[in-house]
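Novice: Starting off with a structure, shown below.
The values are calculated or read from the model by the stated rules, or taken from the named source; none is laboratory data. Note that the coordinates shown come from a computational prediction; the quantities given were computed from them, not determined experimentally. Backbone-built Cβ (ideal geometry, glycine too); neighbour counts: all protein chains shown. All accessible areas refer to the heavy atoms of the entire protein, side chains included, with ligands and DNA or RNA removed. Shrake-Rupley method; radii C 1.70, N 1.55, O 1.52, S 1.80 Å.
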Amino acid sequence: MSTRLQTKGRLVNRDRQISFSFNGKRLKAYEGDTLASALLANDQMLVGRSFKYHRPRGVVASGAEEPNALVNLGEGHRFEPNARATTTEVFDGLKAGSQNHFPSLEFDVGAINQHLSRFLPAGFYYKMFIHPRPLWKHVYEPFIRQSAGLGKAPDAETRDPDTYEYFHAHTDVLIIGGGVAGLTAALAAGRAGAQVILCEQTADWGGRAAVDGDEIDGMPVEEWIKNALQELESMKNITLRTRMMGAGVYDHGYVLCYERLTDHIGPSEGPRHRLWKVRAKQVVTATGAIERPLSFAGNDIPGVMLASAVRDYAINYGVSAGDRTVVVTNNDDAYRTAIAMLDAGLSVPAVIDVRATPDTPLIERVKSRGVRVMQGMAIAKVKGGKRVTGVSVCSQAGEGAVLEDIACDVVAMSGGWSPVVHLWSHCGGKLTWDEAGAFFRPDPTRAPLSFDGTPFVIAAGSANGEMDEGAVLADAYTMGQEAAKRVGATPKGAAPTAKDTAQAPLLPVWMMPQGASYKLRSKMWLDYQNDVKVSDVQLAAQEGYESVEHTKRYTTLGMATDQGKLSNINGLAILAQELNAPIPQVGTTTFRPPYTPISMGAIAGEAKGEIFQPLRRTPMHDWHEAHGVYWEPVGHWRRPYCYPQSGESHEDAVNREVVNTRENLGLLDASTLGKLIVKGPDAGKFLDMLYTNMMSTLKPGRCRYGLMCSENGFLMDDGVVARIDDDTFLCHTTSGGADHIHAHMEEWLQTEWWDWQVHVANVTEQYGQIAVVGPKARDVLQSLGGMDVSKEALSFMGWADGTLGGIPVRIFRISFSGELSYEIAVDAGRAQELWELLHANGQQFGVMPYGTEALHILRAEKGFIMIGDETDGTVIPQDLGLHWALSKKKADYLGKRAQQRTHMTDPDRWLLVGLETVDGSVIPDGAYATGEGTNANGQKVVQGRVTSTYYSANLKRGIAMGLVLNGPDRMGEQLTFLKTDGTAVHARIVDPVFYDKEGVKQDV
Amino acid sequence: MKKYSAFAIAREAARYHQGWERAWAKRAPKAKYDVIIVGAGGHGLATAYYLGKNFGITNVAVIEKGWLGGGNTGRNTTIIRSNYLQDPSAAIYEKARSLYENLSQDLNYNIMFSPRGVIMLAQTHHEVRGYQRTAHANALQGVKTEWISPSQVKKLVPIMNIEGPRYPVLGGLWQARGGTARHDAVAWGYARACSDMGMDIIQQTEVTAIKREGGKVTGVSTTRGDIACDKLGIVVAGHSGVLADMAGFRLPIESVPLQALVSEPIKPCMDVVVMANTVHGYMSQSDKGEMVIGGGTDSHNAYTQRGSFHHIEETVRALCETFPMLSRLKMLRQWGGIVDVTGDRSPILSKTPVDGVFINCGWGTGGFKAIPGSGWGMAELIAKGHSPLTDEFGLDRFVEGRFIDESVAAGVAH
């Protein structure tokens, strides 16, 4: 059984006991424990079930590479699935539960799959469930989905109460990894004077060295770490961060770091995670190395663990994984585990070493303590079900004939180490195969390149393929200095030193024994979580899935939540063996961010709920809010859709607003309209190119309605342009168009007409804009006093500056409703004041505010087009009968040539008309007019469509505008519009102007 | 070819799976083919498959620079739908969707087509009108879609927050017969079927030149030597411009990165595909349990198959807002692909200025869903010189201004 040892454990505080629960059971732990160490201390080796076969799963590792120990954490709104127990720090009151089983962890009916595993090889689902077709959707797929999926889904109504934040940082050098390599690199770069951020994903500095190392600079490793930290903390140019993981490296030195602020203390105030966006001139990856498992039958049974993890639990947490540990290895390093077990007073019945190697100091030390070292041997199979009970030993060279059984409850395995090259690789860093260590290491000649073609990532220490302590320190110091040099700092000081322990070479063994039968190979796990075995990779190769990407996807190797940190190299070695190709030729799959999974909450950051996106408020926003507005989102703006009074439906409110505006007086908040100042000696020339109309001839004091087309000729925006003075124009755009028309102007100015003397400024938010509309519009303005708004002083399509009720304003005599109308621009800061004034003084004239829907109906009654309704990116001005706005005098304007293309000049186009239903009803939005027969693809032929359709309260009937094939030539003809329910509505083609055809009301 | 079935699995299990054949043969290229398809992605393989199946043309090679299915076929978010607005689009995507329904049976390879339904959310009044227009168009195009209310949306997707606060759900366009499929399996299934017809799938072989005589194609040069052909299909999303350049013509396309990501796997919680265009994101849950998430394209042109992180942020933010329960899930992996984007956001399936050279490209962000229909039409185009499915998608439309603009209906990647 696994239990707490008498020895102390360097990372736990034995003076502070805390309690947590696992599957409802209350258990004890110490401060500093990870959930994995605490579970092991409570003899809870079984922690979950695998993905495909629901095999029992135990803790196998001690860090970020853990594939098995995934748990549900917390409850309610703070529930989190798939948390890695090895990187979860226990706090008092933590609640955890195991995953992927029914009804319980101990007894899981899904485990039936493991007995069927012979019928469920890699890719089995591609080969079955094909017939009969409906069964896939209704039976097979739901079953597969339910049995897969690991963690429980959070409840549908979960609302995460925690907050998350972004943090932006710029630095010379970012060092990722706070082991001795990272600390050393930081000392080197820091002493040189470079700005350094050093981050470590765990809570503790020093990494593995404190467990495995001997002495640095002649002092115990722990002491050296303490001193190094002291020196680093004393430097002002160094920022140290624990619990912060380098998650991803992106182009040009952009690095994502993931800081976990409160996960180790449980629910608390302040942000839970902080996502750092670091811009680093140089990135040093001191990310260490990960031990590889070995492939032998039964290597997935709980109790089979990485050798390094077994000693980590003993030394760091004072926890034994079991009483009797058999070590199986292809290298010297694992002997350290035997020593650690002996030091803890535990038994090591044997070390099984596939090598036949002369004694080295490590082997010697183990032997001298009476441990049996079995050379040239391998594990034929591990015995046990939910826990290891023993191993059968065989010769590595043979086919697995059992020579001896050894009872044990832990198997500590080591297949060598692989540098953590993920961050090096994210942004295109290439790897090279290291024969001696049998691993991929960063190829310094093919580092990720920055914007200027120079390398910006440097690997250091074990992450760079240096596996001996002395070499790690030397390499890390050199690399830290290199980073400093690249940012222009001058290296100083000398590297720390340590003695290397002489070790015998590793023997790459990818399968044990060498001649294992299918039965054994089908019990050798490569990917513990996804249940991918040696036989699966071999099957993939046999079936032609030879590319490492095909093998991965066919078998799901390395696609689990650990992203193959333990399985990738072993898997592709098996593939290489099968293809009879060298490993480097087979290559690796692509490393993608993040290094380990990061929370969606952290990625989303602060922006959620009300502040999900910036809310743009017009100056009158609060007034609308106070007057019962029903809002409509328009981009980031909120615009009043209508102002329902008590008991009114939205529809009632809109109808009332429409009628009142025509009969009395309406107020519209038009502040969202885009307002762009175009200024400079070439402003007129520029606008002549942008608009289809001639703008350069516009006189100061006058307004002109203009159209803007894309280079492809399609109508993209419209609005009124006012000339302020010779050099200055004010261009109004649609509300949705303000930003992209501004960008459109800048794009042309910056890329094509860069020598024209024009500036564009977006002043949309500097002004409030109020449309005062209706027969009494002039009356209310005159009642405020301050400027002459008579027809003579301010004629239609003119503008003037002045004051109203003491407030400075600019008034445009323009109309989008066909009524007498003044659009009043006012400093944003005084807009609400003016609005209130107009509203108060307007009472005597029957004033009512109206919203966007009434605006739409008023303009539709007049046959005015609306960008986004009559246009959809496929419509040209000619389609809308706007020929009058296309200047024939200008040599060119954007869209002119495009509009000369054959399809654009086709006489048979869909053109704008009015549509009047025969029965007075409203045609549904977006309905099409049917034609005769079907086309070559069997689709019903259509001959037109509705673009705007409303109930007109003024005309007391449905009115619509639409685009119809040769429409204007077919006045009076009746069309059939099909509804989605199959019924039809009939409408006559009419003139698009429904109201005040002569236009007498606006120009009074 | 030995048929796949539960029976075959039982038979092979009895002999330790030693009897399974290669899914597709590994053969050396021949000196000449009737048709060479460049690009062994879904579209290229489907084109080859229907050349054989519908027209009996089996002296065909599919040449692939890397590994088959390794481009956008193996990188997309596997959404299948046909609720497009414009007639030519609806025709080809609906053809594809209907072929997907029987593709597992047709190919004898389970591509796991899952007709779980697709909702496109409307969160502004403008979007409501747009989708109602699409619904009307679809009814006439023979594409079955339906406008559904917010409460129907909530019933289909209990994890959705339909009440805002910023963009309350106003309804949705629902295509019950849309869904997802296993993307790799589509490529593998077609490859296996092509190989079975005697076609050669030649991987790890790059085309370096396109040979012409008198304005007509005669073959290609590759990293494994010259190969002659009568007709050549270029189906190489992401690098179409490069191949067109080899054939001596230019394409009106830009290549931009498109990114996607998955969460860690969780038990089933969302049975349909949801696309939310106002907030810019879409999501489905894979059979493995991962939440599969995508958003818009990056705004810069590039050939690197990775993108900018701020796009991932924008997408995840949109989806956390739409599905608040996502907040404590974790992103497992993000990746990118390169998509060819045309001026009207519709594909090009066309003859070219070079006699005998045909091109299929420009699918932008939505190519996976079209694979069978695209292959079907492209095969007809190559075999007969035209196809009703592809006629409207010719290169000449850019000269004539006869665009097929879908941005009206879908302003976001799909």
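Novice: Working out 0.36 nm times the residue gap between B:PHE249 and B:HIS310, then minus their Cα-Cα distance, what length gain in nm do you get to one decimal?
Specialist: That pair, B:PHE249 and B:HIS310, stretches by 18.4 nm at full extension.
Novice: Now, a different point. Remind me, relative contact order of chain B in percent, using alpha carbon pairs under 8 angstrom and six or more residues apart?
Specialist: Contact order relative to length: 23 percent.
Novice: Give the dimensionless ratio obtained when the Cα radius of gyration of region A:839-952 is divided by 2.2 N^0.38 Å.
Specialist: Relative to the rule-of-thumb radius for its length, region A:839-952 sits at 1.42.
Novice: May I pose another question? Enter the per residue convex hull volume of region A:323-413, computed from alpha-carbon coordinates, in Å³ rounded to the nearest integer.
Specialist: Taking only Cα atoms, region A:323-413 has a hull volume of 82 Å³ per residue.
Novice: Taking a probe of 1.4 angstrom, what is the accessible area of A:GLU746 in Å², to the nearest 10?
Specialist: Here the accessible area works out near 50 Å².
Novice: Distance from the Cα centre of region A:170-227 to that of region A:485-501, in angstrom?
Specialist: Using only Cα atoms to place each centre, the spacing works out to 12 Å.
Novice: Taking each residue of B:130-136 in turn, how many C-beta atoms of other protein chains fall within 10 Å of its C-beta, and what is the average?
Specialist: For this peptide, the per-residue mean of nearby foreign Cβ atoms is 6.
Novice: Now, a different point. Enumerate the calculated ³J(HN,Hα) couplings along region B:42-52 in order (Karplus 6.51 cos²θ - 1.76 cosθ + 1.60, θ = phi - 60°), each rounded to whole Hz, writing x wherever the residue is Gly or Pro.
Specialist: Running phi through 6.51 cos²θ - 1.76 cosθ + 1.60 with θ = phi - 60° gives x, 5, x, 5, 5, 4, 4, 4, 6, 4, x Hz.
Novice: Quick one: if the Förster radius is 41 Å, what FRET efficiency do A:LEU135 and A:LYS979 give, using the C-beta to C-beta distance and rounding to 0.05?
Specialist: 0.65
Novice: Work out, step by step, the length gained on full extension between A:PHE845 and A:ARG26: first 0.36 nm times the residue separation, then minus their alpha carbon distance; give nm to one decimal.
Specialist: 287.3 nm
Novice: To test your reading of the geometry: what angle, between 0 and 90 degrees and rounded to tens, separates the Cα axis of helix A:307-317 from the longest principal axis of chain A?
Specialist: Relative to chain A, helix A:307-317 is tipped by roughly 80 degrees.
Novice: What is the calculated FRET efficiency for A:ALA471 to A:ARG372, with r their C-beta to C-beta distance and R₀ = 35 Å, to the nearest 0.05?
Specialist: Plugging the Cβ-Cβ distance into 1/(1 + (r/R0)^6) gives 0.65.
Novice: Okay, moving on. Suppose each label sits 7 Å from its Cα in the direction of the beta carbon; what would the A:GLN6-B:LYS30 distance come out to in nanometres?
Specialist: 8.0
Novice: Could you please tell me the mean projected area of the C-alpha convex hull for region A:509-585, averaged over all directions and given in square nanometres to one decimal?
Specialist: Over all viewing directions, region A:509-585 projects a mean Cα-hull area of 4.6 nm².
Novice: Note the angle between two axes, namely the Cα long axis of helix A:650-663 and the longest principal axis of the Cα atoms of chain A, as a number of degrees from 0 to 90, rounded to the nearest 10.
Specialist: The two axes meet at around 30 degrees.
Novice: Taking only Cα atoms, what is the 0 to 90° angle, nearest 10, from helix A:568-579's long axis to the longest principal axis of chain A?
Specialist: 80
Novice: Right, something else. Could you list which residues have their amide H under 5 Å from that of A:THR733, counting only those 5 or more apart in sequence or on another chain, with H placed in the peptide plane?
Specialist: Those qualifying (amide H under 5 Å, at least 5 residues apart or on another chain) are A:GLY674, A:LYS675, A:LEU676.
Novice: Over the alpha-carbon set of chain A, divide Rg by the Kirkwood Rh and report the Rg/Rh ratio to two decimals.
Specialist: In chain A, Rg relative to Rh is 1.10.
Novice: Also, quick follow-up: Excluding ligands and nucleic acids, what accessible area in Å² is computed for A:GLU625 using a 1.4 Å probe, to the nearest 10?
Specialist: My reading of the accessible area for A:GLU625 is about 100 Å².
Novice: Give me, ordered by chain and number, the residues 5 or more places off B:THR222 or on other chains with an amide H under 5 Å from its own placed amide H.
Specialist: Amide H to amide H, under 5 Å and 5 or more residues apart or across chains, B:THR222 pairs with B:THR208, B:ILE227.
Novice: May I pose another question? Given a 1.4 Å probe and every protein chain left where it sits, what share in percent of the accessible area of the protein assembly as shown is carbon and sulfur?
Specialist: So the carbon and sulfur contribution to the accessible surface is 52 percent.
Novice: Sticking with this one: Please say if region A:599-713 is rounded, prolate or oblate, where rounded means a/c under 1.5 for a ≥ b ≥ c the square roots of the C-alpha gyration tensor eigenvalues, and otherwise the choice is prolate for a/b larger than b/c and oblate otherwise?
Specialist: oblate
Novice: Which of the residues in region A:128-148 lose at least 10 Å² of accessible area when you go from the chain alone to all protein chains together (probe 1.4 Å)?
Specialist: A:MET128, A:ILE130, A:HIS131, A:ARG133, A:TRP136, A:LYS137, A:GLU141, A:ILE144, A:ARG145, A:GLN146, A:ALA148
Novice: Here's something else I'd like to know. Apply the Karplus curve 6.51 cos²θ - 1.76 cosθ + 1.60, θ = phi - 60°, to the phi angles in region B:281-289 and return the couplings in whole Hz, x for Gly and Pro.
Specialist: 3J(HN,Hα) across region B:281-289, in whole Hz: x, 8, 8, 9, 10, 6, 5, 6, x.
Novice: Also, quick follow-up: Where in region B:133-167 does the amide nitrogen come within less than 17 Å of the point 7 Å from the Cα of A:SER921, taken along Cα to Cβ?
Specialist: B:136
Novice: Check each residue of region A:935-955 and keep those whose accessible area, probe 1.4 Å, is at least 40 Å² smaller with all protein chains in place than in the chain alone; give them in order of residue number.
Specialist: A:ASN937, A:GLN939, A:LYS940
Novice: Going by amide H atoms built from the backbone, whose H comes under 5 Å of the H on A:THR803, apart from near neighbours?
Specialist: Under 5 Å from the amide H of A:THR803 lie the amide H atoms of A:MET787, A:VAL809, each far enough along the sequence or on another chain.
Novice: Determine the gain in length on full extension of the stretch A:ASP500-A:ASN966; use 0.36 nm per residue of separation and subtract their C-alpha separation, reporting nm with one decimal.
Specialist: Length gained between A:ASP500 and A:ASN966: 158.9 nm.
Novice: So, one more: Quick one: Debye curve from the alpha-carbon atoms of region A:907-990 only, equal weights, vacuum; give me log10 I(q)/I(0) at q = 0.23 Å⁻¹ to two decimals.
Specialist: Each listed q maps to, in turn, -1.09.
Novice: With contacts defined as alpha carbon pairs under 8 Å and 6 or more residues apart, what's the relative contact order of region A:12-119 in percent?
Specialist: 29
Novice: A follow-up question, please. In sequence order, what are the phi-derived ³J(HN,Hα) couplings for region B:15-26 according to the Karplus relation 6.51 cos²θ - 1.76 cosθ + 1.60 with θ = phi - 60°, rounded to whole Hz, with x for glycine and proline?
Specialist: Computed from phi, the couplings for region B:15-26 are 10, 6, 6, 6, x, 5, 8, 4, 5, 9, 6, 10 Hz.
Novice: Can you give the accessible area per residue of region A:509-585, in Å², using a 1.4 Å probe?
Specialist: I get 24 Å² per residue for region A:509-585.
Novice: Take every Cα-Cα pair in region A:621-875 and report what % of them are more than 22 Å apart.
Specialist: Percentage above 22 Å: 55.
Novice: Right, next: Any idea of A:ARG521's accessible area? Nearest 10 Å², probe 1.4 Å.
Specialist: Approximately 50 Å² for this residue.
Novice: What does the structure give for A:425-432 when I average, per residue, the other chain Cβ atoms found within 10 Å of the residue Cβ?
Specialist: 1
Novice: Name the lysines eligible as straight-distance cross-link partners of A:LYS281: C-alpha to C-alpha under 30 Å, and not fewer than 8 places from it in the same chain.
Specialist: Excluding near neighbours in sequence, the set is A:LYS226, A:LYS236, A:LYS430, A:LYS485, A:LYS492, A:LYS565, B:LYS330.
Novice: Need the per-residue list for region B:3-39: every residue with at least 40 Å² less accessible surface in the complex of protein chains than in the chain by itself, probe 1.4 Å, sorted by number.
Specialist: Buried by 40 Å² or more upon assembly, which counts only protein chains, are B:TYR4, B:ILE9, B:ALA13, B:TYR16, B:HIS17, B:TRP20, B:ARG22, B:TRP24.
Novice: Ignoring ligands, DNA and RNA and using a 1.4 Å probe, state the total buried accessible area between B and A in Å², rounded to the nearest 100.
Specialist: What B and A bury together is about 10700 Å².
Novice: What spacing in nm lies between the two simple spin-label points modelled at A:PHE796 and B:ALA176, each 7 Å away from Cα in the Cβ direction?
Specialist: With each label point 7 Å from Cα toward Cβ, the separation is 5.4 nm.
Novice: Which order do B:ARG397, A:ARG369 take by accessible area at a 1.4 Å probe, largest first?
Specialist: A:ARG369, B:ARG397
Novice: Please find the FRET efficiency linking A:HIS252 to B:ASP230, where r is the Cβ-Cβ separation and R0 is fixed at 60 Å, and quote it to the nearest 0.05.
Specialist: 0.80
Novice: Which whole-number percent gives the relative contact order of chain A, counting Cα pairs below 8 Å spaced six or more residues apart?
Specialist: Averaging sequence separation for qualifying contacts and normalising by length gives 9 percent for chain A.
Novice: Among the lysines, which fall within straight-line cross-link reach of A:LYS1001, defined as a Cα-Cα distance under 28 Å, with same-chain neighbours fewer than 8 residues apart omitted?
Specialist: A:LYS675, A:LYS699, A:LYS776, A:LYS791, A:LYS862, A:LYS956
Novice: Taking the solvent-accessible surface of protein heavy atoms with a 1.4 Å probe, what is the per residue accessible area of region A:907-990 in Å²?
Specialist: Accessible surface, normalised per residue, equals 42 Å².
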